[in-house]
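Read through the structure below, which is laid out as structure tokens, and then see the notes.
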Amino acid sequence: MAKTLFHNKIVVISMGIILLVTLMAVFAPFLTPYDVERQDLLSRLQMPGAGHLLGTDELGRDVFLRMLYGTRFSLIIAIIPTALAVFVGMLLGIISAYYGKAADLIIMWFADVTLAFPGMLLAMAIMYTFGGSFSSVLISIVIMEWGSIARIVRSVTLSIIENEYIQASRTMGVRKNVIIIKHIIPNLVPTLIVLFTLNIPSSILSESALSFLGIGIQPPDVSLGLMVNQSKGLLFQMPWLALSPAGMIMILVLTFNFFGDALRDILDPKTNY
């Protein structure tokens, strides 16, 4: 599998970009001599140049450094809530497929209710209820994504259960939890990896949209969506203030999308998600 991954040019390029952006985000404090929160009104709204690679914002803060900090937050949002949504979706999807009609009916009913609401509207309702914070964004993304993941896991689990070795294990009286841990989950791993990778872009976009609307991450925290929101009034006078974080969002989303699509083709080429 490793050879196949590294022979795929899209995977290699995507992994290279993700690694580069991640390293820049992690080591952001060492890449510029500025403080992400320090204001310098004498240096406000400077043009991009040697001193400030992407210029300064309306409070004199270095845009390049703030963009890297915003990227760091986007990557955290990409990984933690998506991983939680995949875990919840996997757990409920397996229970729905394996534990009978009552569990299936209840879990899929909740999944359908969640999917019936427009995702962003549901997230906005959660943010207005709990306020703009990391935990609120995390909860909203998990609630938005778990339903579709659970449905896919349920479908794949139903096909796994039909295998002869599963039927033989059940006939021999092997406990359900043992079958799930030893047989079902290992067969779900490729699907879960693909689901995790393909849901990362939607997590990034959801957080960016919420922050852009002013109900996501709040100052003094830094978010790419929040940076675009704060710069939209200067879009025609100083477009790089908004286009820099917007461009980083585009790079992250496209890169993870390409990586997820290529990974899906390698791990499970016969499945369309």
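Computed from the coordinates by the stated procedures, all read-outs in this text should not be read as laboratory data. This one's a predicted model, so the numbers in the text were calculated from it and none came from an experiment. Here the Cβ is made from the backbone with ideal geometry for all residues, glycine too, and neighbour counts use every protein chain on show.
Brief remarks follow.
- Compared with the alpha-carbon gap, the fully stretched path from residue 42 to residue 109 is longer by 18.3 nm at 0.36 nm per residue.
- Separation of alpha-carbon centers, the range 107-144 and the range 39-76, rounded to whole Å: 32
- Fewest-first sequence of 146, 240 by Cβ atoms within 10 Å of each Cβ: 240, 146
- Computed label-point distance, nm, for sites residue 50 and residue 9 using a 7 Å Cα→Cβ extension: 3.8
- Sorted fewest first by neighbouring Cβ atoms within 10 angstrom, 7, 52 come out as 7, 52.
- Folded to 0 to 90 degrees: helix 134-161 orientation relative to the chain principal axis, Cα: 30
- The region of the chain that goes longest without hitting one of the trypsin sites (Lys or Arg not before Pro) in a DSSP loop, each with at most 12 other Cβ atoms within 10 Å, is 39-174.
- Ordering 127, 144 from the fewest to the most neighbouring beta carbons within 10 Å gives 127, 144.
- Förster radius 35 Å - calculated FRET efficiency between residue 30 and residue 181 (Cβ-Cβ, nearest 0.05): 0.20
- Chain lengthening between residue 161 and residue 258 when straightened (0.36 nm per residue, less Cα-Cα): 31.8 nm
- Model label zone, residue 84; criterion: amide N under 14 Å from point 7 Å along Cα-to-beta-carbon; scope the range 205-230: 207
- GNM flexibility winner over the chain from 39, 230, 167 (Cα, springs under 10 Å): 167
- Relative contact order (%) - criterion: Cα under 8 Å, at least six apart; region: the chain: 23
- Degrees, to the nearest 10: 63-98 long Cα axis against longest axis of the chain: 10
- In degrees, nearest ten, helix 119-130 long axis to first principal axis of the chain (Cα): 70
- Each residue of the range 248-260 is assigned a 3J(HN,Hα), and the resulting list reads 5, 4, 4, 4, 4, 5, 5, 5, 5, 5, 4, 5, x Hz, derived from the Karplus form 6.51 cos²θ - 1.76 cosθ + 1.60 (θ = phi - 60°), x at Gly and Pro.
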